[in-house]
Every structure is written in C-alpha cells, then in structure tokens.
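> One structure, pasted below without further comment.
The values are calculated or read from the model by the stated rules, or taken from the named source; none is laboratory data. A quick note: this is a predicted structure, and the numbers were derived from the prediction, not measured. Backbone-built Cβ (ideal geometry, glycine too); neighbour counts: all protein chains shown. Side chains are part of the model used for accessible areas, which takes the heavy atoms of the whole protein and leaves out ligands, DNA and RNA. Shrake-Rupley method; radii C 1.70, N 1.55, O 1.52, S 1.80 Å.
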Amino acid sequence: MKSKIYLFLLLTFFNASLLYSQSTKFVWGEKEKLEKIKKLQDSTQWDKEMLLGDLNQIRPKLEQEGMNFGVFPAAKYKQGLGTGSSAERNFFGKTLYWNYFFGEKNIVNQEYLKDKKSEVFFAIVILTDTLNFSNEKYNMSYNVVSRNYPDKLGNGILKTKNNSVEYTAFLTGDRKQFALVNLRLFDLDQGRLILIAPQKDGSLRSKQIKMPLLEFENINEYVRSVIKENDVKKFFMDFGNI
C-alpha cells in the first residue's frame, strides 16, 4: 500500500541524532511566551534570510485552497516537523485514507518525549469514495507549519465526490492541543486520532480515539491495527456512509 511521508526541516535543519541532557528540564511557560511575542514584534530579532525565502517560495503558491500561508517575520528557531499519508483501499469494499502530523524532539518537548525521537500530534482517518495518489492536487493536499515555534500546526483537505473534509490541528509549546474538522472542534487531550465518515446525505460522522505517544515510524502500523477493531469496523460500515 502506497504511503507518503514528507519531512519539513524549516529554517535550521533539526539534527535527529542530537542528544539532550536528561538532567536539564525546560518548561515553556509565561516568561517564554512573553519573550516570543517580543521577538516577533522586534524587527532586530527577525530572521531576514528566512523571511525572504518564504516570500520567494510561498507567495507564488497562493492559489492553494483553504487558508493561505501568511508570510510573517519570525525569530530563529530549531524545529523539525513532518507529515505523511497512507490508505487501505480494500476495507470491506470501501477505501480509507489517513493523514498525520508529527514533530521531532527538541528542547521544548524533550521532557514529554523522553526516549522517543518524534511524536505524532494528530492523525485523521477518512472514509472516501475517491482517492488518487498520483494526482494529489485533484483530491487531497496537506502540509505542516513550523513558523509558530514552539507551537506546531498542520492542515489538510480530502475531497470526496460530493463533499470535502478539511482539517487543522495544533500542539502548543505548553501542550495545549486542538483540531478543527469542518469547523467541529476536537480537544485532542481526549484523543489524537479522529475518524471521519462522510454520509450519503452530505453530513459527517466522527469518532475520537485516544492513542499512545507514537513516533511517526509507528503510526501506519497503529492505524492499521485500529481499523481492524470491531467498533471501528461498525463505524465505517454504517449504512448511511458513502
């Protein structure tokens, strides 16, 4: 089954082999938040080279669907983010597509990740009646954004024949996490895995699942195990589904 993984190491490339001292605890608190705001508003702190690069690379792509990527100045940072997708094309005669966002270990999240090198902060599985990996612009797109460091954000869209599922998810430096799926708000503290079943009448159904802290290498295996569970099968096989 075809899978796609894109790793975005924006600004300064993240060194995955970097060892963090377990004795050093870093907390992203109010002091750090205020300092971030000051840097964002102080032109002497901006990374001018990155800003110019964003203007040259992003501005020509503003015809993309959904919310445009605004080119804002930002201070220097180190954060590796990535996204990937896969599918199960023969799920009892139906097709399931999934997309996930992940972040690599850095000084802000090392206390939470401990011995892990990355964490999947959002995953979505969507029942679809159209899927074309060879032409993603036709029915799907997704990306992650590191410019909000240490906050992480990803968004995507999957078009079905008569509808579209659009989603955005974020994880902040102090571990607040939410997702929007077609303007339904999900508190990801209650589960980072969202299942979506578009209906024949144009409405949507959702199911939220708590998943363990996973490195991105393990997410496809985990999703494939989840969709075998009886309650998940029932959810995706409901008579009202597309």
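> Please work out the C-alpha center-to-center distance from segment 79-149 to segment 189-242 and express it in whole Å.
First find each Cα centre; the distance between them is then 14 Å.
> Residue by residue, what Karplus-based ³J(HN,Hα) values in Hz, rounded to whole numbers, does segment 94-100 have, using 6.51, -1.76 and 1.60 with θ = phi - 60° and x for Gly and Pro?
10, 10, 10, 10, 9, 9, 9
> How much length is gained if the chain between Glu215 and Asp187 is pulled fully straight, taking 0.36 nm per residue apart and subtracting their Cα-Cα distance, in nm to one decimal?
8.0 nm
> Rounded to the nearest 0.05, what FRET efficiency is calculated for Asn162 and Thr44 with R0 set to 51 Å and r the Cβ-Cβ distance?
0.50
> 7 Å from Cα along Cα→Cβ at both Gln57 and Glu35: what's the point-to-point distance in nm?
Label-label distance for Gln57 and Glu35, simple model: 2.6 nm.
> Still on this structure: Can you give the Kirkwood hydrodynamic radius for segment 111-232, in Å, rounded to one decimal and based on Cα pairs?
It works out to 15.5 Å.
> Still on this structure, please answer the following. Give me, ordered by chain and number, the residues 5 or more places off Phe122 or on other chains with an amide H under 5 Å from its own placed amide H.
The answer is Phe101.
> Related question: Can you list residues from other chains, or at least 5 along the same chain, whose modelled amide H is less than 5 Å from the amide H of Asn148?
none
> Still on this model: Give the accessible surface of segment 32-191 per residue, rounded to a whole number of Å², with probe radius 1.4 Å and ligands, DNA and RNA excluded.
Spelled out: the 1.4 Å probe surface of segment 32-191, per residue, equals 50 Å².
> Take the Cα atoms of segment 165-237, find their three principal axes, and give me the spread along each one in whole Å, biggest first.
Per principal axis, max minus min of the Cα coordinates gives 39, 28, 18 Å.
> Which of the peptides 153-159, 74-80 is most tightly packed, and how do the rest follow, judged by the mean count of other Cβ atoms within 10 Å per residue?
Packing proxy ranking, top to bottom: 153-159, 74-80.
> Can I ask one more? Which FRET efficiency value, to the nearest 0.05, do you get for Thr95 and Asp174 by plugging their Cβ-Cβ distance into 1/(1 + (r/R0)^6) with R0 = 35 Å?
After rounding, the FRET efficiency stands at 0.40.
> Would you mind putting 31-38, 99-106, 194-201, 212-219 in packing order, based on average other-beta-carbon counts within 10 Å, highest first?
For the peptides 31-38, 99-106, 194-201, 212-219, the packing ranking is 99-106, 194-201, 212-219, 31-38.
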